[in-house]
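Undergrad: The structure under discussion is supplied below as structure tokens; questions concerning it will follow.
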Amino acid sequence: MQIDMIFFAELVTPNVSISAILPELVVALAGIVAMVYDSFVPDQRRVTAGISLAGLIVATVILGAMWTADVPASAFGGMIAHDNLRLGFSFVFLLVTALTILISTVWIENENVPAGEFHALLMFATFGMMLMASGNDLVVMFLGLETLSIATYVMAGFRKTDLKSNEASMKYFILGSFASAFLLYGMALIYGATGTTNITEIASRIADPNFPALLLIGAAMMIIGFGFKAATVPFHVWTPDVYEGAPSPVTGFMAAGPKAAAFASFLRVFVIGFPLVAGAQAAGYLHETWITALSVIAILTMTVGNVAAILQNNIKRMLAYSSIAHAGYALVGFLGAGTATDAADRDAAIASVAFYMLAYAITNLGAFGIVTLLGQKNDRRAEFEDYNGIGFRSPALAFSLSLFMLSLLGIPLTAGFMGKVLVFRPALEAGNTLLTIVVVVAVLNTAISAYYYLRLIVVMFFRERTTEWAQPRIPAGMTAALVIAVIGVLYFGIFSSGIIERFSRSMPASRVVSNR
Amino acid sequence: MDLITENLLSILIALPVVGALAVLGHQLFWKQEGQLKWVALVFTLINFLISLFLLADPGKVSASGFFFEQNVPWIKAINTNYHVGVDGLSLWLVLMTTLIMPIAVLSAWNAIEKKVTAFYIFMLLLESAMIGVFVSLDLLVFYLFFEASLIPMFFLIGVWGGDNRIYAAVKFFIFTALGSLLMLVAIIWLFYAYAGIPGGTAAGTFDFVVLANAIKMNTLTFAPLTGTLLFLAFALAFAIKVPLFPFHTWLPDAHTEAPTAGSVILAAILLKMGTYGLMRFNFVLFPEQSREWAPLFIVFAIIGITYGALVAMVQPDMKRLVAYSSVAHMGFIILGMFSFTEWGMQGAVYQMLNHGVSTGALFLLVGFIYERRHTRMIGELGGLANPMPIYATFFVFTSMSSIGLPFLNGFVGEFLIMLGMWKSVILDGYHMLGWNWNTVATMFAGTGVIFAAVYLLWMVQRVFFGKITNAKNRMLADLSYREIGLMVPLLFLMVFMGVYPRPFLDRTESAVTEIQKRVLPVAGGVIAEAEK
């Protein structure tokens, strides 16, 4: 009866706060405008790109304002969170999408892609990603995830006549649906165990769940679901095929955006939803179990990703395995957040994962931009041999690509280095033996990864070219993307102070999300 | 003037980067590849001249003994600061870097013909990184420069190297990167170890001076296993860089394949990062562990001295021979350092400079003959003293310095090291055939000197004396004025440092004794520990 009363009260005065989801709305709106415009005036790729970019910029500005403005901490009855996790990750998504639009210009021109559809799908995917980061409720997260997934399934198969692209799309769709099902099942079991889908509520109820066994099984299922989306071992098998088959700009997007989105939800559910509650047996058991499970997954992910990447001869496949490895490094920071002892440390660790994703995204998109540019139509030239000796023929491109490889490797003065330092830090802070081992494995893996990242530099600069080399024409959009990526990699590597502080700024206590 | 002295170290780090940009800009606007070497030379020379200010009166010296200090916050979120400063230990290494760079640029004058722009850009960036390594007093900033120095060298070997350059470059990179990555973990660990001091400040720190003081005051202590692992993480990074036997295998490849300028820099400066790091960081941050592990390092050093010399003897390639002699010489330096006596450590620091001068000069000389004959095989040469008398004179002179002939620089360093090892107490308690190990170690080191004479003099004899067997060697041109000019400063240093070492040793003394006091506080206590 009491529940009904609350439900009724909510119907009359719903807790709706448009301002809390303004960035999401702007992105969705821009996507709709682009789609509608395209259906009336087709093939205006510059216009739809412009609409999308404008939407992203407006959303970024609003997001920037929300960092400091006094926005209600909870909206929609606690379904939307407003904290540093959401803001940091949303910033990453907006950047990823903007760069993807810029680097896709070459591909769209070369292959005559229906640009309006592509831009609209990209914006919807971004909307989904942002919802995954802002959702403080399992249901909202799932909505975001599905919005994102369906858009990416289509984008992966955008090369309609190419068998590989179709295969990529199909594989991603079937396996992705399977993973979604696991995730949903997990969510249902968590609901069964705690009686709520709200993360904050879950966190307060895991100390004394209705059915402890359901809690553990639910958590395990969610690890599988999120693990698939974030491409962690052993749920990574789809990644290389899909990444190789999808058009290069889409691959770059998938490696940077959806992966970060999966991490955002993953972090929120596990770090915030399943914390260590002092003196509570069920919560302690759950916490210990997921930390151990994710440590093992992190070790496997880094090792398998790096070792497999060494064996690749196709650059897109190499980058696919490298993206698996990077998911492993990000998990190190995740574990650090999970074992943090106070809220400030936890927020700093979450910020480190967001920063890692930012660094990885900007580097990786830069790399995929060059791969797109050099790959020509249908990504024909994507083998290591195709890059033989181009270093001094196209020095600007080759040195940019080298910079991206060094950043992926984590050489100082690049964004990748700062990212690695930041994610390793919280894991070592705990002084936990298991986590220390994970960090040591991570640095050993970094040394392994030197081999294949350097291989690209070796191929470009140290070998001689035997075949013809035609300078690729670089369109304006691509130039802008590469300039942003190069400057970003150096800027976040050298002047990262401000952005890290901003990412890790804990919201004032009065604004911490609470349910109603 | 104040502007220069207040920002001296930052200028030294930044100027080469400006030079690199100038090279790039010059090429983009004027497209005169032939002029780029002049741009590079001017910038390296100016940097050398500015670095001479280091010898001027520093004005204020901080309590920790560093001068020309600068400490500016860099990334506040993780409390890392751009903290630089020099003391007697790093002073001469910085000066040697700035001295060797113009010489290296001059040595590449005609040798580098392809991709000139990139070559000089990498050379200048390398100079920045190397100076940064020697002056950083923040562990994260140190790590940053330490790693950053790999990239230009990787390119120098890989693009302008010999036939087997790719293998050598990748091996160089992966060996050194592997070691330093573990050091990164240790650095972050130290950060939290400091944060975790009971009753200390809550924030951790990467600042070397702060950490060193906490360790000296015994406020920061490590559990035995943790301390050992941290020590080893640092030591491995530096041992690979030195390179200490058995981590030396990358060195002969890298040296042999690198272009002359690269080999000179590698021998004269990059290797010193390892010995410098051991002395600066391992000894001061982990004194107890350093004493504990000293016997192992001494044994490795002795093996390195003997093994390097024996392998050098049988090399048919002059450059490879010099490379293996480097392994032996670096063994000497390690030996002196780990004697933990003032003499030994002073000798080690001195020998770092000597090795830079002598081996650097040897690599230059080998480069000269390679430019003329396009071979370095001893068997292809012979009787060169006849067509190239100046060259032969220089070579013999440099060889003598490398062997350690009295009145030349090598003698002073090696003598001090052997003296220090003889007097060392760190090996007390270890006996062999009734002799103390320090006696045995000194004897091995002495044998190493004799071996050095054997392989170098034998090479000199085969290359320069006897009859000319190969007609190609008959008409070789002697050294040009440029080549003579770039050798003269080094030859002068060999004599000067051999005859009058005082100005050098005086300036290193306070820093070295400070480190020595920290690593070996009470002689008696150490003996007791070694016997355990």
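The values are calculated or read from the model by the stated rules, or taken from the named source; none is laboratory data. From a predicted model like this one, the values you see are computed outputs, not experimental measurements. Note that we place each Cβ from the backbone using ideal geometry, even for glycine, and neighbour counts take in every protein chain shown. Accessible surface areas use protein heavy atoms only, side chains included; no ligands, DNA or RNA. Shrake-Rupley method; radii C 1.70, N 1.55, O 1.52, S 1.80 Å.
Undergrad: Quick one: in the range B:161-172, of everything that is at the interface with another protein chain (Cβ under 10 Å from one of its Cβ atoms) and within 16 Å of B:ILE265 (Cα to Cα), which residue is least open to solvent (accessible area, probe 1.4 Å)?
TA: Among those that are at the interface with another protein chain (Cβ under 10 Å from one of its Cβ atoms) and within 16 Å of B:ILE265 (Cα to Cα), it is B:ALA169.
Undergrad: Here's a follow-up. Just checking, does the range B:330-343 include any residue being in contact (Cβ under 8 Å) with a residue 12 or more places away in the chain, assigned to a helix (DSSP H, G or I) and open to solvent by 10 Å² or more (accessible area, probe 1.4 Å)?
TA: Yes: one or more hits.
Undergrad: Of all residues in the range A:462-502, how many are in contact with a Leu (Cβ under 8 Å, 6 or more places away or on another chain) and either basic (Lys, Arg) or without any contact (Cβ under 8 Å) to a residue 24 or more places away in the chain (or both)?
TA: Qualifying residue count for the region: 0.
Undergrad: Further question: Could you pull out the residue among A:LEU456, A:LEU444 that is buried (at least 18 other Cβ atoms within 10 Å of the Cβ) and modelled with pLDDT of 90 or more?
TA: Exactly one of A:LEU456, A:LEU444 is buried (at least 18 other Cβ atoms within 10 Å of the Cβ) and modelled with pLDDT of 90 or more, namely A:LEU456.
Undergrad: Sort out which residues of the range A:128-177 are open to solvent by less than 60 Å² (accessible area, probe 1.4 Å), more than 15 Å from A:ALA28 (Cβ to Cβ) and β-branched (Val, Ile, Thr), and write them in order of number.
TA: Result: A:THR152, single match.
Undergrad: Of all residues in the range B:173-195 being over 19 Å from B:SER136 (Cβ atoms) and in contact (Cβ under 8 Å) with a residue 24 or more places away in the chain, which is least open to solvent (accessible area, probe 1.4 Å)?
TA: This residue is B:ALA193.
Undergrad: What helices (runs of 4 or more DSSP H), lying completely within the range B:1-120, carry at least 1 residues that are crowded, with 22+ Cβ neighbours inside 10 Å?
TA: Once the helices (runs of 4 or more DSSP H) in the range B:1-120 are filtered for at least 1 residues that are crowded, with 22+ Cβ neighbours inside 10 Å, what remains is B:8-30, B:33-51, B:88-107.
Undergrad: Of everything in the range A:105-128, what is touching a Gly at 6+ places or on another chain (Cβ under 6 Å) and of a type in the set (A, V, I, L, M)? Give them in sequence order.
TA: Residues satisfying the conditions are A:ALA120, A:MET123.
Undergrad: Within the range A:122-143, track down each residue that is part of a helix (DSSP H, G or I) and either without any contact (Cβ under 8 Å) to a residue 60 or more places away in the chain or touching a strand residue (DSSP E or B) at 6+ places or on another chain (Cβ under 6 Å) (or both).
TA: A:SER134, A:MET141, A:PHE142, A:LEU143
Undergrad: Name the one entry in A:LEU406, A:LEU413 that is outside any loop (DSSP other than H, G, I, E, B), hydrophobic (A, V, I, L, M, F, W, C) and either away from every other protein chain (no Cβ under 12 Å) or touching a residue at least 24 places away in the same chain (Cβ under 8 Å) (or both).
TA: Being outside any loop (DSSP other than H, G, I, E, B), hydrophobic (A, V, I, L, M, F, W, C) and either away from every other protein chain (no Cβ under 12 Å) or touching a residue at least 24 places away in the same chain (Cβ under 8 Å) (or both) holds for just one of A:LEU406, A:LEU413, which is A:LEU406.
Undergrad: Answer yes or no: is there a residue in the range B:107-128 that is aliphatic (A, V, I, L, M), without any contact (Cβ under 8 Å) to a residue 24 or more places away in the chain and more than 8 Å from chain A (Cβ to nearest Cβ).
TA: no
Undergrad: Among the residues of the range B:213-221, is any out of contact with any Lys or Arg (no Cβ under 6 Å at 6 or more places or on another chain), within 14 Å of chain A (Cβ to nearest Cβ) and open to solvent by 10 Å² or more (accessible area, probe 1.4 Å)?
TA: No.
Undergrad: Step by step: first the residues of the range A:374-390, then only those that are open to solvent by 30 Å² or more (accessible area, probe 1.4 Å) and outside any loop (DSSP other than H, G, I, E, B), then the one that is nearest to the other protein chains (Cβ to nearest Cβ). Which residue is that?
TA: A:GLU385
The rows are residues; the columns are (1) in contact with a His (Cβ under 6 Å, 6 or more places away or on another chain); (2) of a type in the set (D, E, K, R); (3) open to solvent by less than 10 Å² (accessible area, probe 1.4 Å); (4) over 22 Å from A:PHE270 (Cβ atoms).
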position	(1), (2), (3), (4)
A:ASN314	no, no, no, yes
A:LEU331	no, no, yes, no
A:THR339	no, no, no, no
A:ALA343	no, no, no, no
A:VAL353	no, no, yes, no
A:LEU413	no, no, no, yes
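Undergrad: Okay, next question. So which residues in the range B:474-517 are of a type in the set (Gly, Ala, Ser) and over 22 Å from B:LEU45 (Cα atoms), if there are any at all?
TA: B:ALA477, B:GLY498, B:SER510, B:ALA511
Undergrad: Another question, if that's okay. Does B:VAL94 count as among the β-branched types (Val, Ile, Thr) and over 18 Å from the mean Cα position of the chain (by Cα)?
TA: no
Undergrad: Against the definition (of a type in the set (Ser, Thr, Tyr), over 27 Å from B:ILE78 (Cβ atoms) and either within 11 Å of chain B (Cβ to nearest Cβ) or open to solvent by 40 Å² or more (accessible area, probe 1.4 Å) (or both)), how does A:TYR491 come out, yes or no?
TA: no
Undergrad: How do the pairs read when you match residues in the range A:233-261 that are in contact (Cβ under 8 Å) with a residue 12 or more places away in the chain and more than 20 Å from A:VAL296 (Cα to Cα) with residues anywhere that are in a loop (DSSP other than H, G, I, E, B) and among the aromatic types (Phe, Trp, Tyr), using Cβ under 7 Å and keeping only pairs 6 or more apart or on different chains?
TA: Pairs found: A:PRO247/A:PHE158; A:VAL250/A:PHE158.
Undergrad: If you go through the range B:30-78 one residue at a time, how many are over 26 Å from B:SER107 (Cα atoms) and more than 14 Å from chain A (Cβ to nearest Cβ)?
TA: Result for the range B:30-78: 17.
Undergrad: If you don't mind, another one. Is the range A:272-281 home to any residue that is under 23 Å from the mean Cα position of the chain (by Cα) and open to solvent by less than 20 Å² (accessible area, probe 1.4 Å)?
TA: yes
Undergrad: Further question: Any idea which of A:ARG393, A:ARG455 is in a loop (DSSP other than H, G, I, E, B) and within 14 Å of another protein chain (Cβ to nearest Cβ)?
TA: None of the others qualify; the one that does is A:ARG393.
Undergrad: Now, a different point. Under 23 Å from B:GLY367 (Cβ atoms), modelled with pLDDT of 85 or more, of a type in the set (D, E, K, R) and more than 23 Å from the chain's Cα centre (by Cα): does that describe B:ARG482?
TA: Yes.
Undergrad: For the range A:207-233, which residues satisfy the criterion of being part of a loop (DSSP other than H, G, I, E, B) and within 30 Å of A:THR372 (Cβ to Cβ)?
TA: Within the range A:207-233, A:ALA230, A:ALA231, A:THR232, A:VAL233 qualify.
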